[in-house]
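First the structure, in the form of structure tokens, and then the observations on it.
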Amino acid sequence: MANTNIDRETLRELADEGNEAALDRLADLADEAGDLTELSELLDEGSTHAGFLLTRRAAATGDLRELQRISDAGYDEAGKELDRLLQAPADGHRD
């Protein structure tokens, strides 16, 4: 059985060398810890998974400004989610 208890330092080194799976794993760890600062930094490094996780959190709370920031950082799905929320009727019901 493989050891799945990989330390953050090793993940960071791998991510710095361009390993996207390590970058995704760091994003998952940051999400589990509720570390939005680290998630934002990972998004700035190009992690689309971090963008997904941040978008999910922002959409769940209806944080339009955060969705715009995530979209501006390059995660297009955040812009789509922002548009969806902006086009929804104020009472939450579509006719």
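Structure values in brief
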{"quantity": "Mean accessible surface per residue for the chain, computed with a 1.4 Å probe while every protein chain stays in place, in Å²", "calculated": "68 Å²"}
{"quantity": "Pairwise FRET efficiency - GLU20 versus ARG65, Cβ, R0 = 30 Å, nearest 0.05", "calculated": "0.60"}
{"quantity": "Solution diffusion estimate, µm²/s, Stokes-Einstein, the chain, Kirkwood Rh from C-alpha pairs, 25 °C, viscosity 0.890 mPa s", "calculated": "172 µm²/s"}
{"quantity": "Rg [Å, one decimal], Dmax [Å, integer] - segment 28-76, C-alpha atoms", "calculated": "9.5, 25"}
{"quantity": "3J(HN,Hα) from dihedral phi, segment 5-21, Karplus parametrisation 6.51/-1.76/1.60, rounded to Hz, x for glycine, proline", "calculated": "8, 8, 6, 4, 4, 5, 4, 4, 4, 5, 4, 5, 8, x, 7, 5, 5"}
{"quantity": "C-alpha long axis of helix 48-61 to longest principal axis of the chain, angle in °", "calculated": "40 degrees"}
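The values are calculated or read from the model by the stated rules, or taken from the named source; none is laboratory data. Since this is a predicted model, take the numbers as computed values, not measurements. Note that each Cβ is placed from the backbone with ideal geometry, even for glycine, and that neighbours are counted across all protein chains shown. Keep in mind that these areas ignore ligands, DNA and RNA; they rest on the heavy atoms of the full protein, side chains included. Shrake-Rupley method; radii C 1.70, N 1.55, O 1.52, S 1.80 Å.
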